[in-house]
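Notes follow the structure.
The values are calculated or read from the model by the stated rules, or taken from the named source; none is laboratory data. Bear in mind the structure is a predicted one, so any value in this text is a computation, not a measurement. Methodologically, a virtual Cβ is constructed for each residue, glycine included, from the backbone with ideal geometry; neighbour enumeration extends over all protein chains shown. What goes into the accessible areas is simple: the full protein's heavy atoms, side chains included, and nothing from ligands, DNA or RNA. Shrake-Rupley method; radii C 1.70, N 1.55, O 1.52, S 1.80 Å.
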Amino acid sequence: MLGLNEKLRELEANNAHIRVALVGAGQMGKGMISQIMLMNGMIPSLVIDINLENAIQSFTLAGIPKEDIVIANTLEEINVAIEKNKYVVSENAEFASKANLVDVVVDATGVPEVGAKVAMDTIFNKKHIVMLNVETDVVIGHILNKLAKNAGVVYTGTAGDEPGAVKELYDFADALGFDIVAIGKGKNNPVNLEANPDNVREQALKSGVSPKMLTSFKDGTKTMVEMTAMANATGFIPDVRGGHGVSATVDELPGIYRLKEDGGILNQYKIVDYVNGVAPGVFIIVTSKLPQVHHEMQYLSMGPGPNYVLYRPYHLTSLETPLTVARAAIYNEPTIVPLDGEPVAETITVAKRDLKAGERLDGIGGFTVYGSIETYKKAKEERLLPIGLVNKNTVVKRDIKKGEYLTYDMVELDTTTLIYKLRQLQEETIK
(Lines give C-alpha, C1' and ligand atoms only; values in the text may rest on other atoms or scores of the structure.)
Protein backbone atom coordinates (compact mmCIF):
# COMPACT_ATOMS: atom_id res chain seq x y z
CA MET A 1 0.00 0.00 0.00
CA LEU A 2 1.28 3.46 -0.91
CA GLY A 3 2.58 5.36 2.08
CA LEU A 4 2.87 2.34 4.35
CA ASN A 5 6.59 3.02 4.76
CA GLU A 6 5.81 6.50 6.05
CA LYS A 7 3.27 5.17 8.54
CA LEU A 8 5.82 2.68 9.84
CA ARG A 9 8.45 5.39 10.08
CA GLU A 10 6.02 7.51 12.14
CA LEU A 11 5.48 4.59 14.52
CA GLU A 12 9.24 4.15 14.90
CA ALA A 13 9.74 7.84 15.58
CA ASN A 14 7.10 7.72 18.31
CA ASN A 15 8.50 4.48 19.79
CA ALA A 16 5.14 2.84 19.05
CA HIS A 17 5.66 -0.58 17.52
CA ILE A 18 3.39 -3.24 16.06
CA ARG A 19 4.23 -6.34 18.07
CA VAL A 20 4.05 -9.60 16.15
CA ALA A 21 3.77 -13.22 17.28
CA LEU A 22 4.72 -15.98 14.85
CA VAL A 23 3.54 -19.59 15.03
CA GLY A 24 5.72 -21.88 12.91
CA ALA A 25 9.42 -21.12 12.56
CA GLY A 26 10.25 -23.09 9.45
CA GLN A 27 11.99 -21.57 6.46
CA MET A 28 9.18 -19.08 5.82
CA GLY A 29 8.85 -18.09 9.44
CA LYS A 30 12.57 -17.54 9.85
CA GLY A 31 12.64 -15.35 6.75
CA MET A 32 9.77 -13.25 8.04
CA ILE A 33 11.46 -12.62 11.40
CA SER A 34 14.68 -11.49 9.69
CA GLN A 35 12.73 -9.14 7.41
CA ILE A 36 10.85 -7.56 10.32
CA MET A 37 14.16 -6.82 12.03
CA LEU A 38 15.02 -4.56 9.08
CA MET A 39 11.76 -2.62 9.27
CA ASN A 40 10.55 0.44 11.11
CA GLY A 41 7.61 0.37 13.50
CA MET A 42 7.42 -3.38 14.02
CA ILE A 43 8.92 -5.91 16.46
CA PRO A 44 8.83 -9.73 16.24
CA SER A 45 8.23 -10.21 19.96
CA LEU A 46 7.26 -13.87 20.17
CA VAL A 47 8.09 -16.97 18.10
CA ILE A 48 6.46 -20.32 18.79
CA ASP A 49 7.45 -23.67 17.33
CA ILE A 50 7.15 -27.29 18.50
CA ASN A 51 10.91 -27.45 17.88
CA LEU A 52 12.24 -24.81 20.26
CA GLU A 53 15.58 -24.68 18.45
CA ASN A 54 13.79 -23.49 15.29
CA ALA A 55 12.24 -20.65 17.26
CA ILE A 56 15.59 -19.66 18.75
CA GLN A 57 17.27 -19.80 15.32
CA SER A 58 14.65 -17.46 13.89
CA PHE A 59 16.03 -14.78 16.19
CA THR A 60 19.74 -15.62 16.05
CA LEU A 61 19.63 -15.67 12.24
CA ALA A 62 18.17 -12.17 12.45
CA GLY A 63 21.14 -10.99 14.52
CA ILE A 64 19.56 -11.14 17.98
CA PRO A 65 22.10 -11.99 20.73
CA LYS A 66 21.20 -15.10 22.72
CA GLU A 67 21.17 -13.10 25.95
CA ASP A 68 18.19 -11.13 24.58
CA ILE A 69 16.21 -14.31 23.85
CA VAL A 70 13.97 -15.65 26.61
CA ILE A 71 12.63 -19.21 26.66
CA ALA A 72 9.20 -19.04 28.29
CA ASN A 73 6.96 -21.84 29.52
CA THR A 74 4.08 -19.79 30.93
CA LEU A 75 2.02 -16.86 29.75
CA GLU A 76 3.21 -14.79 32.69
CA GLU A 77 6.85 -15.36 31.70
CA ILE A 78 6.03 -14.28 28.14
CA ASN A 79 4.26 -11.11 29.23
CA VAL A 80 7.06 -10.06 31.59
CA ALA A 81 9.75 -10.73 28.97
CA ILE A 82 7.96 -8.77 26.22
CA GLU A 83 7.43 -5.86 28.62
CA LYS A 84 11.21 -5.86 29.10
CA ASN A 85 11.66 -5.74 25.29
CA LYS A 86 13.13 -9.23 25.16
CA TYR A 87 12.59 -11.62 22.27
CA VAL A 88 10.58 -14.60 23.45
CA VAL A 89 10.34 -18.21 22.26
CA SER A 90 7.97 -20.93 23.38
CA GLU A 91 6.53 -24.29 22.33
CA ASN A 92 2.89 -23.53 23.14
CA ALA A 93 0.90 -22.06 20.24
CA GLU A 94 -1.91 -20.94 22.54
CA PHE A 95 0.35 -18.25 24.00
CA ALA A 96 0.61 -16.40 20.66
CA SER A 97 -2.81 -14.79 20.89
CA LYS A 98 -2.90 -14.50 24.69
CA ALA A 99 0.28 -12.45 25.14
CA ASN A 100 -0.78 -9.02 26.38
CA LEU A 101 1.30 -6.81 24.10
CA VAL A 102 0.98 -8.81 20.86
CA ASP A 103 -1.04 -6.97 18.20
CA VAL A 104 -0.92 -9.39 15.28
CA VAL A 105 -0.45 -13.16 15.07
CA VAL A 106 0.98 -14.84 11.97
CA ASP A 107 0.35 -18.55 11.35
CA ALA A 108 3.10 -20.05 9.18
CA THR A 109 2.58 -23.72 10.00
CA GLY A 110 0.92 -24.85 6.76
CA VAL A 111 -1.06 -27.43 8.78
CA PRO A 112 -4.85 -27.09 8.37
CA GLU A 113 -5.83 -28.12 11.91
CA VAL A 114 -3.13 -26.03 13.57
CA GLY A 115 -4.14 -23.06 11.46
CA ALA A 116 -7.76 -23.45 12.53
CA LYS A 117 -6.78 -23.43 16.20
CA VAL A 118 -4.38 -20.50 15.90
CA ALA A 119 -6.91 -18.44 13.93
CA MET A 120 -9.77 -19.12 16.33
CA ASP A 121 -7.66 -18.38 19.41
CA THR A 122 -6.46 -15.14 17.85
CA ILE A 123 -9.94 -13.99 16.84
CA PHE A 124 -11.31 -14.93 20.28
CA ASN A 125 -8.60 -12.81 21.89
CA LYS A 126 -9.43 -9.92 19.54
CA LYS A 127 -6.14 -9.73 17.71
CA HIS A 128 -5.51 -9.61 13.96
CA ILE A 129 -4.62 -12.93 12.32
CA VAL A 130 -2.44 -13.21 9.20
CA MET A 131 -2.58 -16.62 7.52
CA LEU A 132 0.65 -17.69 5.88
CA ASN A 133 -1.31 -20.93 5.82
CA VAL A 134 -3.43 -21.14 2.69
CA GLU A 135 -4.14 -24.79 3.47
CA THR A 136 -6.47 -23.71 6.29
CA ASP A 137 -7.94 -20.76 4.43
CA VAL A 138 -9.27 -22.79 1.49
CA VAL A 139 -11.24 -25.05 3.86
CA ILE A 140 -12.67 -22.59 6.40
CA GLY A 141 -11.59 -19.11 5.31
CA HIS A 142 -15.17 -17.95 4.82
CA ILE A 143 -16.26 -18.68 8.38
CA LEU A 144 -12.99 -17.39 9.89
CA ASN A 145 -13.36 -14.11 8.02
CA LYS A 146 -16.95 -13.78 9.20
CA LEU A 147 -16.00 -14.48 12.82
CA ALA A 148 -13.12 -11.99 12.64
CA LYS A 149 -15.40 -9.25 11.31
CA ASN A 150 -17.84 -9.93 14.14
CA ALA A 151 -14.96 -9.61 16.61
CA GLY A 152 -13.77 -6.35 15.06
CA VAL A 153 -10.40 -7.73 13.94
CA VAL A 154 -8.78 -8.55 10.60
CA TYR A 155 -8.51 -12.04 9.15
CA THR A 156 -6.31 -12.07 6.05
CA GLY A 157 -4.11 -14.01 3.73
CA THR A 158 -0.68 -12.59 3.10
CA ALA A 159 1.16 -10.44 0.64
CA GLY A 160 4.03 -12.33 -0.99
CA ASP A 161 2.20 -15.62 -1.33
CA GLU A 162 0.96 -16.10 -4.90
CA PRO A 163 -2.72 -15.53 -4.07
CA GLY A 164 -1.86 -12.22 -2.40
CA ALA A 165 0.41 -11.20 -5.29
CA VAL A 166 -2.30 -12.04 -7.82
CA LYS A 167 -4.87 -10.07 -5.80
CA GLU A 168 -2.65 -6.98 -5.98
CA LEU A 169 -2.59 -7.20 -9.79
CA TYR A 170 -6.31 -7.96 -9.86
CA ASP A 171 -7.19 -4.96 -7.68
CA PHE A 172 -5.01 -2.69 -9.82
CA ALA A 173 -6.65 -3.74 -13.09
CA ASP A 174 -10.15 -3.89 -11.63
CA ALA A 175 -9.83 -0.36 -10.23
CA LEU A 176 -8.81 0.87 -13.68
CA GLY A 177 -11.88 -0.71 -15.27
CA PHE A 178 -10.09 -3.33 -17.38
CA ASP A 179 -11.98 -6.50 -18.22
CA ILE A 180 -10.02 -9.25 -16.46
CA VAL A 181 -10.37 -12.52 -18.33
CA ALA A 182 -7.92 -14.80 -16.48
CA ILE A 183 -5.67 -14.84 -13.44
CA GLY A 184 -2.90 -17.25 -12.58
CA LYS A 185 0.47 -18.20 -11.24
CA GLY A 186 3.61 -19.83 -12.49
CA LYS A 187 4.89 -23.24 -11.48
CA ASN A 188 8.62 -23.87 -11.59
CA ASN A 189 8.46 -27.59 -12.39
CA PRO A 190 5.96 -30.01 -13.96
CA VAL A 191 3.53 -31.76 -11.61
CA ASN A 192 4.96 -35.05 -10.33
CA LEU A 193 2.14 -37.15 -8.92
CA GLU A 194 4.65 -39.75 -7.69
CA ALA A 195 6.33 -37.33 -5.29
CA ASN A 196 6.33 -38.35 -1.63
CA PRO A 197 8.34 -37.46 1.50
CA ASP A 198 10.80 -40.30 0.89
CA ASN A 199 11.77 -39.59 -2.71
CA VAL A 200 12.07 -35.81 -2.17
CA ARG A 201 13.85 -36.00 1.19
CA GLU A 202 17.37 -35.33 -0.06
CA GLN A 203 16.31 -32.29 -2.08
CA ALA A 204 14.17 -31.03 0.81
CA LEU A 205 17.03 -31.19 3.29
CA LYS A 206 19.33 -29.35 0.87
CA SER A 207 16.70 -26.64 0.42
CA GLY A 208 15.99 -26.30 4.12
CA VAL A 209 12.30 -27.22 3.85
CA SER A 210 10.39 -30.17 5.22
CA PRO A 211 9.90 -33.20 2.94
CA LYS A 212 6.13 -32.89 3.35
CA MET A 213 6.18 -29.28 2.20
CA LEU A 214 8.33 -30.06 -0.84
CA THR A 215 6.06 -33.00 -1.68
CA SER A 216 3.04 -30.70 -1.68
CA PHE A 217 4.84 -28.42 -4.16
CA LYS A 218 5.93 -31.23 -6.45
CA ASP A 219 2.66 -33.18 -6.56
CA GLY A 220 0.78 -29.98 -7.36
CA THR A 221 -1.30 -29.78 -4.18
CA LYS A 222 0.16 -26.43 -3.14
CA THR A 223 -0.58 -24.98 -6.58
CA MET A 224 -4.19 -26.20 -6.37
CA VAL A 225 -4.57 -24.74 -2.88
CA GLU A 226 -3.20 -21.39 -4.04
CA MET A 227 -5.49 -21.30 -7.06
CA THR A 228 -8.44 -22.11 -4.80
CA ALA A 229 -7.57 -19.12 -2.62
CA MET A 230 -7.33 -16.91 -5.73
CA ALA A 231 -10.73 -18.15 -6.91
CA ASN A 232 -12.41 -17.60 -3.56
CA ALA A 233 -11.06 -14.05 -3.36
CA THR A 234 -12.03 -12.97 -6.90
CA GLY A 235 -14.95 -15.14 -8.05
CA PHE A 236 -12.86 -16.62 -10.88
CA ILE A 237 -13.24 -20.38 -11.40
CA PRO A 238 -11.06 -23.20 -12.76
CA ASP A 239 -11.83 -23.64 -16.46
CA VAL A 240 -11.29 -27.39 -16.14
CA ARG A 241 -10.74 -29.62 -13.11
CA GLY A 242 -7.10 -29.37 -12.09
CA GLY A 243 -6.43 -26.43 -14.41
CA HIS A 244 -4.84 -26.45 -17.85
CA GLY A 245 -1.25 -26.20 -16.64
CA VAL A 246 0.20 -25.29 -20.04
CA SER A 247 3.88 -24.63 -20.66
CA ALA A 248 4.46 -21.11 -21.98
CA THR A 249 6.47 -17.92 -21.85
CA VAL A 250 5.00 -14.67 -20.58
CA ASP A 251 4.66 -13.28 -24.10
CA GLU A 252 2.59 -16.29 -25.15
CA LEU A 253 0.01 -15.93 -22.39
CA PRO A 254 -2.36 -13.42 -24.07
CA GLY A 255 -2.74 -15.73 -27.07
CA ILE A 256 -3.19 -18.86 -24.99
CA TYR A 257 -5.78 -17.39 -22.65
CA ARG A 258 -8.39 -16.72 -25.30
CA LEU A 259 -11.58 -18.62 -25.96
CA LYS A 260 -11.25 -21.78 -28.05
CA GLU A 261 -13.19 -20.20 -30.91
CA ASP A 262 -10.60 -17.42 -30.99
CA GLY A 263 -7.64 -19.79 -31.08
CA GLY A 264 -7.04 -20.11 -27.34
CA ILE A 265 -7.59 -22.88 -24.80
CA LEU A 266 -10.47 -21.51 -22.73
CA ASN A 267 -14.06 -22.65 -22.52
CA GLN A 268 -14.98 -19.42 -20.76
CA TYR A 269 -13.48 -16.25 -19.36
CA LYS A 270 -12.98 -15.24 -15.71
CA ILE A 271 -10.88 -18.29 -14.89
CA VAL A 272 -7.93 -19.16 -12.67
CA ASP A 273 -5.05 -21.31 -13.91
CA TYR A 274 -1.35 -22.10 -13.58
CA VAL A 275 1.45 -22.13 -16.13
CA ASN A 276 4.71 -24.05 -16.29
CA GLY A 277 7.52 -21.72 -17.28
CA VAL A 278 6.63 -18.32 -15.79
CA ALA A 279 7.54 -19.04 -12.14
CA PRO A 280 8.12 -17.41 -9.73
CA GLY A 281 5.77 -14.86 -11.24
CA VAL A 282 2.03 -14.28 -11.22
CA PHE A 283 -0.14 -12.85 -13.98
CA ILE A 284 -3.52 -11.61 -15.06
CA ILE A 285 -4.91 -11.31 -18.58
CA VAL A 286 -6.89 -8.16 -19.37
CA THR A 287 -8.74 -6.61 -22.27
CA SER A 288 -10.96 -3.57 -22.86
CA LYS A 289 -14.17 -2.62 -24.63
CA LEU A 290 -12.80 0.70 -25.89
CA PRO A 291 -10.59 1.10 -28.98
CA GLN A 292 -8.57 3.99 -27.56
CA VAL A 293 -7.49 1.83 -24.62
CA HIS A 294 -6.33 -0.83 -27.09
CA HIS A 295 -4.49 1.82 -29.08
CA GLU A 296 -2.61 3.02 -26.02
CA MET A 297 -1.83 -0.49 -24.76
CA GLN A 298 -0.30 -1.29 -28.14
CA TYR A 299 1.58 2.03 -28.15
CA LEU A 300 2.97 1.07 -24.74
CA SER A 301 4.34 -2.20 -26.17
CA MET A 302 1.83 -4.38 -24.33
CA GLY A 303 1.29 -6.55 -27.39
CA PRO A 304 -1.08 -6.64 -30.36
CA GLY A 305 -4.20 -7.39 -28.29
CA PRO A 306 -7.03 -7.88 -27.88
CA ASN A 307 -5.76 -9.56 -24.68
CA TYR A 308 -2.76 -8.31 -22.71
CA VAL A 309 -0.75 -9.77 -19.86
CA LEU A 310 0.10 -7.93 -16.65
CA TYR A 311 2.94 -9.90 -15.10
CA ARG A 312 4.72 -9.63 -11.79
CA PRO A 313 7.97 -11.62 -12.09
CA TYR A 314 8.41 -12.33 -8.38
CA HIS A 315 6.65 -13.09 -5.13
CA LEU A 316 8.72 -12.83 -1.98
CA THR A 317 6.57 -15.17 0.16
CA SER A 318 7.05 -14.54 3.89
CA LEU A 319 9.44 -11.62 3.32
CA GLU A 320 6.37 -9.63 2.24
CA THR A 321 4.14 -10.85 5.07
CA PRO A 322 5.09 -7.91 7.34
CA LEU A 323 3.36 -5.60 4.84
CA THR A 324 0.12 -7.46 5.48
CA VAL A 325 0.78 -7.26 9.22
CA ALA A 326 1.19 -3.50 8.93
CA ARG A 327 -1.87 -3.05 6.75
CA ALA A 328 -4.01 -4.97 9.25
CA ALA A 329 -2.66 -3.13 12.29
CA ILE A 330 -2.60 0.39 10.82
CA TYR A 331 -5.53 0.44 8.41
CA ASN A 332 -7.62 -2.47 9.74
CA GLU A 333 -7.63 -3.88 6.20
CA PRO A 334 -6.87 -7.34 4.79
CA THR A 335 -4.63 -8.18 1.84
CA ILE A 336 -6.75 -11.06 0.54
CA VAL A 337 -9.87 -12.72 1.94
CA PRO A 338 -12.61 -14.95 0.55
CA LEU A 339 -15.59 -13.17 -0.96
CA ASP A 340 -18.78 -13.15 1.08
CA GLY A 341 -21.32 -15.84 0.33
CA GLU A 342 -20.75 -19.28 -1.14
CA PRO A 343 -17.14 -20.34 -1.83
CA VAL A 344 -16.08 -20.39 -5.46
CA ALA A 345 -13.61 -23.28 -5.59
CA GLU A 346 -12.51 -26.30 -3.58
CA THR A 347 -9.23 -28.20 -3.29
CA ILE A 348 -10.44 -31.79 -3.62
CA THR A 349 -8.72 -35.06 -2.74
CA VAL A 350 -7.27 -37.58 -5.22
CA ALA A 351 -5.76 -41.00 -4.49
CA LYS A 352 -2.00 -40.91 -5.08
CA ARG A 353 -1.89 -44.71 -5.20
CA ASP A 354 -4.27 -47.64 -4.79
CA LEU A 355 -5.82 -47.49 -1.34
CA LYS A 356 -7.27 -50.38 0.64
CA ALA A 357 -10.34 -50.42 2.88
CA GLY A 358 -9.26 -49.81 6.46
CA GLU A 359 -6.12 -47.89 5.48
CA ARG A 360 -5.39 -44.53 7.09
CA LEU A 361 -4.67 -41.46 4.98
CA ASP A 362 -1.95 -38.91 5.72
CA GLY A 363 -3.09 -35.64 4.13
CA ILE A 364 -1.26 -32.86 2.31
CA GLY A 365 2.35 -33.62 1.35
CA GLY A 366 2.10 -37.32 2.14
CA PHE A 367 2.11 -40.73 0.50
CA THR A 368 -1.60 -41.39 -0.03
CA VAL A 369 -3.38 -38.38 -1.57
CA TYR A 370 -2.86 -35.14 -3.46
CA GLY A 371 -5.05 -32.14 -4.23
CA SER A 372 -6.80 -30.87 -7.34
CA ILE A 373 -9.06 -27.86 -7.93
CA GLU A 374 -12.74 -27.91 -8.83
CA THR A 375 -15.58 -25.43 -8.55
CA TYR A 376 -17.22 -25.44 -5.13
CA LYS A 377 -20.60 -26.06 -6.75
CA LYS A 378 -19.40 -29.16 -8.62
CA ALA A 379 -17.51 -30.45 -5.59
CA LYS A 380 -20.61 -30.11 -3.46
CA GLU A 381 -22.81 -31.84 -6.02
CA GLU A 382 -20.42 -34.81 -6.18
CA ARG A 383 -19.64 -34.78 -2.44
CA LEU A 384 -15.93 -34.46 -3.23
CA LEU A 385 -13.71 -34.40 -0.14
CA PRO A 386 -11.72 -31.23 0.68
CA ILE A 387 -8.12 -32.28 1.20
CA GLY A 388 -7.74 -30.01 4.22
CA LEU A 389 -10.09 -32.27 6.19
CA VAL A 390 -7.85 -35.30 5.67
CA ASN A 391 -5.50 -36.26 8.50
CA LYS A 392 -3.83 -39.37 9.92
CA ASN A 393 -7.11 -40.43 11.55
CA THR A 394 -9.00 -40.48 8.23
CA VAL A 395 -9.88 -44.11 7.42
CA VAL A 396 -10.70 -45.46 3.96
CA LYS A 397 -14.04 -47.34 3.94
CA ARG A 398 -13.59 -49.14 0.59
CA ASP A 399 -10.87 -49.88 -1.92
CA ILE A 400 -9.97 -46.81 -4.01
CA LYS A 401 -8.04 -46.83 -7.27
CA LYS A 402 -5.05 -44.60 -7.95
CA GLY A 403 -6.27 -41.34 -9.53
CA GLU A 404 -9.81 -41.72 -8.18
CA TYR A 405 -11.42 -38.65 -6.63
CA LEU A 406 -12.35 -39.22 -3.00
CA THR A 407 -15.82 -38.40 -1.71
CA TYR A 408 -17.13 -38.03 1.82
CA ASP A 409 -18.80 -41.43 1.43
CA MET A 410 -15.47 -43.21 0.81
CA VAL A 411 -13.88 -42.28 4.13
CA GLU A 412 -14.51 -42.01 7.82
CA LEU A 413 -13.36 -38.55 8.86
CA ASP A 414 -12.03 -37.47 12.23
CA THR A 415 -15.01 -35.38 13.33
CA THR A 416 -13.33 -34.27 16.57
CA THR A 417 -11.03 -31.77 14.86
CA LEU A 418 -11.69 -28.05 15.06
CA ILE A 419 -11.32 -27.64 11.31
CA TYR A 420 -14.04 -30.23 10.70
CA LYS A 421 -16.38 -28.51 13.14
CA LEU A 422 -15.72 -25.10 11.61
CA ARG A 423 -16.28 -26.52 8.13
CA GLN A 424 -19.65 -27.84 9.24
CA LEU A 425 -20.53 -24.44 10.68
CA GLN A 426 -19.41 -22.77 7.45
CA GLU A 427 -21.62 -25.06 5.37
CA GLU A 428 -24.59 -24.29 7.60
CA THR A 429 -24.11 -20.53 7.31
CA ILE A 430 -24.04 -20.54 3.49
CA LYS A 431 -27.06 -22.80 2.88
Would you say Thr136 is open to solvent by less than 50 Å² (accessible area, probe 1.4 Å), under 26 Å from Phe95 (Cβ atoms) and not in a loop (DSSP other than H, G, I, E, B)? yes
State yes or no: is Thr407 over 18 Å from Asp107 (Cβ atoms), more than 22 Å from the chain's Cα centre (by Cα) and surrounded by 16 or more Cβ atoms within 10 Å (Cβ to Cβ)? no
State yes or no: is Thr394 open to solvent by less than 50 Å² (accessible area, probe 1.4 Å), closer than 24 Å to Phe217 by Cα, touching a residue at least 12 places away in the same chain (Cβ under 8 Å) and over 23 Å from the mean Cα position of the chain (by Cα)? yes
Filter the stretch 167-176 for residues that are open to solvent by 10 Å² or more (accessible area, probe 1.4 Å) and either in contact (Cβ under 8 Å) with a residue 40 or more places away in the chain or polar (S, T, N, Q) (or both) and give the result. Lys167, Glu168, Leu169, Tyr170, Phe172
Out of all the residues in the stretch 45-99, which are of a type in the set (Gly, Ala, Ser), closer than 21 Å to Gln27 by Cβ and touching an Asp or Glu at 6+ places or on another chain (Cβ under 6 Å)? Ala55
Subset of the stretch 381-405 [out of contact with any strand residue (DSSP E or B) (no Cβ under 8 Å at 6 or more places or on another chain) and assigned to a helix (DSSP H, G or I)]: Glu381, Leu389
When residues of the stretch 355-371 are filtered for being small (Gly, Ala, Ser) and under 24 Å from Asp137 (Cα atoms), how many remain? 4
Going by the conditions given, is Ala55 over 26 Å from the mean Cα position of the chain (by Cα) and without any contact (Cβ under 8 Å) to a residue 40 or more places away in the chain? no
Kindly provide the set of residues from the stretch 315-335 that are touching a Pro at 6+ places or on another chain (Cβ under 8 Å) and either free of Cβ contacts under 8 Å to residues at least 60 places away in the same chain or over 18 Å from Leu169 (Cβ atoms) (or both), ordered by number. Ala328
In the stretch 11-49, which residues are in a helix (DSSP H, G or I) and either among the charged types (D, E, K, R) or under 24 Å from the mean Cα position of the chain (by Cα) (or both)? Glu12, Gln27, Met28, Gly29, Lys30, Gly31, Met32, Ile33, Ser34, Gln35, Ile36, Met37
Would you point out the residue of the stretch 336-358, among those that are of a type in the set (Asp, Glu) and surrounded by fewer than 17 Cβ atoms within 10 Å (Cβ to Cβ), that is nearest to Ile265 (Cα to Cα)? Glu342
Complete set of residues in the stretch 178-219 that are open to solvent by 50 Å² or more (accessible area, probe 1.4 Å) and aromatic (Phe, Trp, Tyr): Phe217
Can Thr417 be described as open to solvent by less than 40 Å² (accessible area, probe 1.4 Å) and in contact with a strand residue (DSSP E or B) (Cβ under 8 Å, 6 or more places away or on another chain)? no
I need the full set of residues from the stretch 371-385 which are closer than 18 Å to Leu413 by Cβ and crowded, with 24+ Cβ neighbours inside 10 Å, in order please. Gly371, Leu385
When you scan the stretch 139-149, do you find a residue that is more than 25 Å from Ile330 (Cα to Cα) and either over 14 Å from the mean Cα position of the chain (by Cα) or crowded, with 24+ Cβ neighbours inside 10 Å (or both), even just one? yes
Failed item, numbered, when Val225 is tested on (1) among the β-branched types (Val, Ile, Thr); (2) touching a Phe, Trp or Tyr at 6+ places or on another chain (Cβ under 8 Å); (3) closer than 19 Å to Lys378 by Cβ: (2)
When you look at Lys377, is it modelled with pLDDT of 95 or more and under 24 Å from Phe236 (Cα atoms), yes or no? yes
Filtering the stretch 341-358 down to residues that are over 25 Å from Gly277 (Cα atoms), in a loop (DSSP other than H, G, I, E, B) and touching a residue at least 40 places away in the same chain (Cβ under 8 Å) yields Gly341, Glu342, Pro343, Val344, Arg353, Asp354, Lys356, Ala357
